[in-house]
Each structure stands twice: as C-alpha cells, then as structure tokens.
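Can you read through this structure? Questions will come right after.
The values are calculated or read from the model by the stated rules, or taken from the named source; none is laboratory data. Note that this is a predicted model, so its numbers are computed, not measured. Reconstructed Cβ throughout: ideal geometry from the backbone, glycine too, with neighbour counts over all protein chains shown.
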Amino acid sequence: MHRAPYRRVGDLAIYSQSKAGLPDAYEVVRIQKHAAYSAFGKEFGAGESYPTPAQWGTEGWTYPKLEQAERRFRELVKEQEKSI
C-alpha cells in the first residue's frame with residue numbers, strides 16, 4: 001500500500017491511498033503525537049504517527065471519493081477551530 005499526503009491543517013490530514021489491484025481511496029486522519037520512547041534496545045524521538053487500527057473510525061476514516069474525504073476533513077477542521 002502507498003499513502004501520499006494530500007492536504008493538512010494542524011493535526012488533521014487527507015492522504016491518498018493506493019493498493020495494487022484496488023481502486024484508489026482517501027484517508028482522513030487525526031495525526032497522533034507520541035513522546036520519545038525506547039524499544040528493542042533503540043531510542044526513538046518524539047514524533048507523529050498514523051492512527052492505529054483500533055482507532056480507525058474515531059481518529060481515521062477511509063473514503064472511496066475525494067469529495068467525501070474533503071467533506072469529512074472540513075467538518076473536523078471546523079470542530080478543531082471551535083475547540084481552540
């Protein structure tokens with residue numbers, strides 16, 4: 001699977017998604033922030049990540065059409081602006 005950033009505002013983003021043999025889709029996500037951590041004997045700095053599979057449906061959504069993804073993205077941006 002290949003994901004490419006399409007649009008981002010703050011911690012909200014739209015990514016285009018392509019998988020061999022399947023139609024393209026679009027993902028709307030709330031970018032997750034994580035603190036620095038150690039794992040497997042390595043140190044990892046603070047950073048950002050995609051929502052986990054368990055968070056899908058609350059922090060990430062998949063849409064077959066860009067228009068649908070943009071609609072959800074706009075809704076989330078409005079919600080984010082109200083909470084500031």
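In the list 37, 15, which residue meets the criterion of being within 15 Å of residue 72 (Cβ to Cβ), aromatic (Phe, Trp, Tyr) and in contact with a strand residue (DSSP E or B) (Cβ under 6 Å, 6 or more places away or on another chain)?
Sole residue among the options that is within 15 Å of residue 72 (Cβ to Cβ), aromatic (Phe, Trp, Tyr) and in contact with a strand residue (DSSP E or B) (Cβ under 6 Å, 6 or more places away or on another chain): 15.
Considering only region 24-42, state which residues are without any contact (Cβ under 8 Å) to a residue 12 or more places away in the chain and touching a helix residue (DSSP H, G or I) at 6+ places or on another chain (Cβ under 6 Å). I'd like the intermediate steps shown before the answer.
Within region 24-42, the subset without any contact (Cβ under 8 Å) to a residue 12 or more places away in the chain is 24, 35-42.
Once the filter is applied, which keeps residues that are without any contact (Cβ under 8 Å) to a residue 12 or more places away in the chain and touching a helix residue (DSSP H, G or I) at 6+ places or on another chain (Cβ under 6 Å), region 24-42 yields nothing.
What's the total number of residues in region 7-48 that are surrounded by fewer than 10 Cβ atoms within 10 Å (Cβ to Cβ) and either among the acidic types (Asp, Glu) or assigned to a strand (DSSP E or B) (or both)?
Matching residues across region 7-48 total 4.
Further, regarding this structure: Being touching a Lys or Arg at 6+ places or on another chain (Cβ under 6 Å) and either under 30 Å from residue 23 (Cβ atoms) or of a type in the set (Ser, Thr, Tyr) (or both): is that true of residue 59 here? Talk me through it step by step, then tell me what you get.
Values: touching a Lys or Arg at 6+ places or on another chain (Cβ under 6 Å): yes; either under 30 Å from residue 23 (Cβ atoms) or of a type in the set (Ser, Thr, Tyr) (or both): yes.
Yes: the conditions hold for residue 59.
Quick one: would you say residue 48 is in contact with a Lys or Arg (Cβ under 7 Å, 6 or more places away or on another chain) and either at pLDDT below 95 or over 21 Å from residue 78 (Cβ atoms) (or both)?
Details: in contact with a Lys or Arg (Cβ under 7 Å, 6 or more places away or on another chain): yes; either at pLDDT below 95 or over 21 Å from residue 78 (Cβ atoms) (or both): yes.
Yes: the conditions hold for residue 48.
Please work out if residue 4 is part of a strand (DSSP E or B) and either modelled with pLDDT of 95 or more or under 15 Å from the mean Cα position of the chain (by Cα) (or both). Spell out how you get there, then give the answer.
On the way: part of a strand (DSSP E or B): yes; either modelled with pLDDT of 95 or more or under 15 Å from the mean Cα position of the chain (by Cα) (or both): yes.
Answer is yes for this residue.
When the residues of region 11-22 are narrowed to those that are out of contact with any helix residue (DSSP H, G or I) (no Cβ under 6 Å at 6 or more places or on another chain) and either β-branched (Val, Ile, Thr) or under 20 Å from residue 81 (Cβ atoms) (or both), which ends up modelled with the highest pLDDT?
For region 11-22, the residue satisfying everything is 13.
In region 49-63, which residues are surrounded by 13 or more Cβ atoms within 10 Å (Cβ to Cβ) and either in a loop (DSSP other than H, G, I, E, B) or not hydroxyl-bearing (Ser, Thr, Tyr) (or both)?
Within region 49-63, the subset surrounded by 13 or more Cβ atoms within 10 Å (Cβ to Cβ) is 50-51, 55-56, 59-63.
Of everything in region 49-63, those that are surrounded by 13 or more Cβ atoms within 10 Å (Cβ to Cβ) and either in a loop (DSSP other than H, G, I, E, B) or not hydroxyl-bearing (Ser, Thr, Tyr) (or both) turn out to be 50, 51, 55, 56, 59, 60, 61.
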